[in-house]
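Participant: Quick one: structure below, then a few questions.
The values are calculated or read from the model by the stated rules, or taken from the named source; none is laboratory data. What you are looking at is a predicted structure, and each value in this text was computed from that prediction instead of being measured. Reconstructed Cβ throughout: ideal geometry from the backbone, glycine too, with neighbour counts over all protein chains shown.
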Amino acid sequence: MKKLRTAIIGCGNIYSVHADILASKENVELKYMVDIKENRAQKAAEKYNCEYLLDYSELLNKDIDVVHICTPHFLHSPMAIKFLESEINVLVEKPLALNYAEGKQLLRTAKNSSSHLGVAFQNRFNENNQRAKKILEAGTLGEIKGIKGLVTWHRDKDYYLNDEWKGFYETEGGGVLINQAIHTLDLIQWFGGPIKAVSGNVDTRVLDDVIEVEDTADATLFFEDDFNGIFYATNAFSSNSPIEIEIDCEKGSMRLFEDQLLVKTANKTDNFNENSDTDYKAYWGYGHQRLIDGFYQDLRNSTHSNTIRAEEGIKTLELITAINSSSKNRKKYYLKGVDKR
């Protein structure tokens, strides 16, 4: 079987997660590491026994099947568009694009390309998230009555000053919503289904002398299935406390917290634990292996069943836009395509 020739663009924090997985795959050949900082590119290439480049556009002239985009946010969409137009498959780290408008442009490009585009919402593949999704689909808890998502983390001045692209709308696209809480927003939609409207608020409460993006956001979410959700996220807590998602249903409830899933019904309570050990940052989760395995399986089989596609990635960008717009205009914001009565 022919090996798929792969390159990773961006040798910052997250790249090693992708590289370790690719290096372990028998049918993948990791060919290039790309970074504008030569010391990082060279170090990564030496570690994974491949070549390095300083300009990602050189890959367009190489014999490459797949690129993994692990760069700052503002580069995601422009890079992905160039590779898709050249019929090269793309797996991009979150977010799909810098903002919703860019995301729509990337989605149009993906639809006109024969290549695959996947986005790294790896937390969908965590064991307990998969289990919770199956319970909801089975209907054993009845219809959803409400859903709650909480993210209370800590990001200090050094976090932003050590990466020149963070903290600015032009390069990061936002703050806690698009960077830290985006996985929770994705899971809320994945569990609860389409959201028709939001009433939200965003604010910069702690590092307003350092960043221009928000560090705190909250929203009431109005789902198409006629139930409401609540969401709160902040980077202004003293530490990174565990994310919590609670789903209240007609016949019981589910609570996801750290590596546990607590399922309550009238008759019993089940507690599911999963092995969440990881060699990387704990808040990255441990679903990248399944995410990447599924993406390459789809490439082999010319399917899309295991890939989180651009259509999914853009939903969260639209939701972030809705929360920001609601906050700015101080009124409920209806998402595109939904009757605004």
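Participant: Residues of segment 112-162 being under 20 Å from A310 (Cβ atoms) and among the polar types (S, T, N, Q), which ones? Write out each step before concluding.
Facilitator: Keep residues of segment 112-162 that are under 20 Å from A310 (Cβ atoms), which gives 112-125.
Listed by number, the residues that qualify are N112, S113, S114, S115, Q122, N123.
Participant: Collect the residues in segment 180-212 that are surrounded by fewer than 22 Cβ atoms within 10 Å (Cβ to Cβ) and assigned to a loop (DSSP other than H, G, I, E, B), keeping them in residue-number order.
Facilitator: Answer for segment 180-212, where residues must be surrounded by fewer than 22 Cβ atoms within 10 Å (Cβ to Cβ) and assigned to a loop (DSSP other than H, G, I, E, B): G193, P194, T204, R205, V206, L207, D208, D209, V210, E212.
Participant: Which count do you get for residues in segment 179-195 that are in contact (Cβ under 8 Å) with a residue 60 or more places away in the chain and aromatic (F, W, Y)?
Facilitator: Result for segment 179-195: 1.
Participant: Based on this model, can you work out whether E143 counts as surrounded by fewer than 19 Cβ atoms within 10 Å (Cβ to Cβ), within 21 Å of G10 (Cα to Cα) and assigned by TED's automatic domain parsing to the domain that holds I247? Full working, then the answer.
Facilitator: Values: surrounded by fewer than 19 Cβ atoms within 10 Å (Cβ to Cβ): yes; within 21 Å of G10 (Cα to Cα): no; assigned by TED's automatic domain parsing to the domain that holds I247: yes.
No, not satisfied.
Per-residue answers, yes or no, for (1) of a type in the set (A, V, I, L, M, F, W, C); (2) at pLDDT below 95:
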{"position": "D163", "(1), (2)": "no, yes"}
{"position": "G167", "(1), (2)": "no, no"}
{"position": "Q180", "(1), (2)": "no, no"}
{"position": "Q189", "(1), (2)": "no, no"}
{"position": "K196", "(1), (2)": "no, no"}
{"position": "R205", "(1), (2)": "no, no"}
{"position": "E214", "(1), (2)": "no, no"}
{"position": "A217", "(1), (2)": "yes, no"}
{"position": "D225", "(1), (2)": "no, no"}
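Participant: Out of all the residues in segment 18-31, is one or more exposed (fewer than 15 other Cβ atoms within 10 Å of the Cβ) and under 30 Å from Y169 (Cα atoms)?
Facilitator: For segment 18-31, residues exposed (fewer than 15 other Cβ atoms within 10 Å of the Cβ) and under 30 Å from Y169 (Cα atoms): absent.
Participant: Also: What is the number of the single condition among (1) among the charged types (D, E, K, R); (2) over 19 Å from N129 (Cβ atoms); (3) surrounded by 17 or more Cβ atoms within 10 Å (Cβ to Cβ) that D226 does not meet?
Facilitator: Just one mismatch for D226, condition (3).
Participant: Quick check on my filter: what residues within segment 229-278 are of a type in the set (V, I, T) and either surrounded by fewer than 17 Cβ atoms within 10 Å (Cβ to Cβ) or part of a loop (DSSP other than H, G, I, E, B) (or both)? If you could, list the steps in order and put the result at the bottom.
Facilitator: Taking segment 229-278 and keeping what is of a type in the set (V, I, T), we get 230, 234, 243, 245, 247, 263, 265, 269, 278.
If the condition is that a residue be of a type in the set (V, I, T) and either surrounded by fewer than 17 Cβ atoms within 10 Å (Cβ to Cβ) or part of a loop (DSSP other than H, G, I, E, B) (or both), then I230, I243, T265, T269, T278 are the ones that fit.
Participant: Restricting to segment 250-271, name every residue that is under 11 Å from N129 (Cα atoms) and in contact (Cβ under 8 Å) with a residue 60 or more places away in the chain.
Facilitator: M254, L256, D259, Q260, L261
Participant: Go through (1) over 19 Å from N179 (Cα atoms); (2) touching a helix residue (DSSP H, G or I) at 6+ places or on another chain (Cβ under 8 Å); (3) of a type outside the set (K, R) for E93 and report which single condition fails.
Facilitator: E93 satisfies every listed condition except (1).
Participant: Another question, then. Determine whether segment 64-82 contains at least one residue that is more than 22 Å from L299 (Cβ to Cβ) and aromatic (F, W, Y). Break it down stepwise before answering.
Facilitator: Within segment 64-82, the first condition is being more than 22 Å from L299 (Cβ to Cβ), and the residues that meet it are 72-75, 78.
So of that shortlist, the ones also aromatic (F, W, Y) come out as 74.
Yes, the conditions are met somewhere in segment 64-82.
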